[in-house]
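The values are calculated or read from the model by the stated rules, or taken from the named source; none is laboratory data. In this text the structure is predicted, and so the values were computed from the model without any measurement. So basically every Cβ, Gly included, is an ideal-geometry build from the backbone, and we count neighbours across all protein chains shown. The protein model used for the area step is the full one, side chains on, heavy atoms only, and it has no ligands, DNA or RNA in it. Shrake-Rupley method; radii C 1.70, N 1.55, O 1.52, S 1.80 Å.
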Amino acid sequence: MATQFIPVDRDTPYLFPPSVQDYLPENHLARFVVDIVEQLDVKHLSSVYTGKGSRPYHPSMMLALLFYGYASGTFSSRKLEQSTYDSIPYRYLCANTHPDHDSINAFRKRFLKELKGLFVDILVLAKTMGTLKLGTISLDGTKIKANASKHKALSWKYANQLEKQLTQEVEDLMRLAEQADNSELPEALDIPAELERRESRLKIIAWAKQEIEDRAQARYEKEVVEYEAKQEKRSRHEEETGKKVRGKAPKQPEAGPKDKDQVNFTDEQSRIMPSSSGGFDQSYNAQASVEIDSGLIITSHVTQHANDKQEVKPTLAQLSDQEARLGKVDHLLADAGYLSEQNVKATDEAQIVPYISTHRERHNCSVLARFTPLSDDPPDNADPVEAMKYRLRTQEGKALYGKRKSTIEPAFGIVKHVLGFRQFLLRGIDAVNGEWDLVCIGYNMKRMFELST
């Protein structure tokens, strides 16, 4: 008996159901995104439009398109446009309309600053749904490549070498121009064009050198403040104890650029940073804090600092701004990269209990090291740092801090390896901050959907 196959009829008048509501199953991420967006107040977005020119797409639809794209791993405006033709969920989101990539990209850039408010609004909805209950958060950072090549950067050392070389070439060309009447020059040599090209490059080098000098000066002023604070602390300790402080004295900072200081021509606000592969990339440092029970991202920002030590205070500022709407955080977990006396005190002053590791955690600790209870009591009148060190050695402290890796690192793993976001599309610190908010919104949408099903 011949096998009876399901018939393939491409001539049917309706390839899709007449209503877009019938395109997807009830339990689908695209429907969830639309439901969330419809609960957001977007009047401040729609009021921006003046009503002139061609009719725009509604902000709610464009937000749903972007949120679903970033929640499902589609970030490029061109790929988003193509998906409105190829993908059933995108057809549902856009109600069978097809925003072009220019409109998508323009909308994203136009409302980058408003995304931070929407980020918090979505967390408020998560709290209303019972998905989010603030208690303990894990803070960490991850390096994400900038939309710039590290080969399009100019270091201080090479800038000076190249400036010297081009200046000499300009002098040589000027001398050849003076001798042109008395000597024969190569036919292909266009002296005015060659002079213009070198003078143009010299202007760019002058700008790059000034930028490097400005950054070096800012760094020097910051290092001087830190150096003076350390010196004052040592002097105070010696006066109080009558003993000389052990260890090397702080090194006095040096003014001026270093040979390896550099600026990137494609995205001048990005920085060269170490990568997980062991090399260096033109990158930004993306920060996020995750609530340990729900796995939702609570705070997000991007920094130009390769080191995480300066990122506790911006996180605390965000938590303070959000407290009236989201509630109070009780504990903050962070690795040794965030450790400093100022960070511990700032967290303590914010009435958040800090658990910031004082050293790099060892793998495979012995049973005795993990389970032996403390034999000593916390020191009397302990300062915030000493009190935190004691907490981290208690069984309760070890158990709580042990949840750090299993909460924040999976979030970064999903963003980078599941969704595939490893490089910013936009350029400049303000733009990448907005795009990182968009990434975190997409992640939270996906997480909220999973928790609600």
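Per-structure values
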read-out	value
Segment 15-69 and segment 165-222: distance between their alpha carbon centers, rounded to Å	53
Estimated vicinal HN-Hα couplings, Hz - segment 351-357 in sequence order (Karplus 6.51, -1.76, 1.60; Gly, Pro = x)	6, 10, 7, x, 10, 10, 4
Nearest-0.05 FRET efficiency for residue 396 and residue 176, computed from C-beta distance (R0 56 Å)	0.10
Rounded accessible area of residue 58 (nearest 10 Å², 1.4 Å probe)	110
Potential lengthening between residue 149 and residue 245 on full extension [0.36 nm per residue; Cα-Cα distance subtracted]	30.0 nm
Net charge of neighbours whose Cβ lies under 12 Å from the Cβ of residue 71, counting Lys and Arg as +1 and Asp and Glu as -1	+1
Magnitude of the charge dipole, segment 267-357, Cβ model with Lys/Arg +1 and Asp/Glu -1, debye to 20	80
With every protein chain in place, segment 257-370: carbon and sulfur % of accessible area (1.4 Å)	47
Stretchable slack from residue 194 to residue 54, in nm (0.36 nm times residue separation minus alpha-carbon distance)	45.7 nm
5 angstrom amide H check on residue 272, placed H, neighbours 5+ away	283
Check: segment 194-266 dipole with +1 on Lys, Arg Cβ and -1 on Asp, Glu Cβ, in debye	440
Accessible area of residue 418 in the full protein assembly, 1.4 Å probe (Å², nearest 10)	100
Efficiency of FRET from Cβ geometry, residue 306 and residue 214, R₀ 22 Å, rounded to 0.05	0.75
Where 156, 436 fall by accessible area, highest first, once all protein chains stay in place (1.4 Å)	156, 436
Positive-end residue, segment 69-180 charge dipole about Cα centroid, Cβ charges, pick of 92, 154, 75	92
Residue 418-residue 383 FRET efficiency (beta carbon distance; Förster radius 51 Å; 0.05 resolution)	0.75
Solvent-accessible surface (1.4 angstrom probe) belonging to residue 108, in square angstrom, nearest 10	10
Dipole of segment 283-351, positive direction: furthest Cα of 332, 289, 306, with charges on the beta-carbon	306
The chain - accessible surface per residue (Å², probe 1.4 Å)	59
Estimated inter-spin distance, residue 202 and residue 280, nm [label 7 Å along Cα→Cβ]	2.9
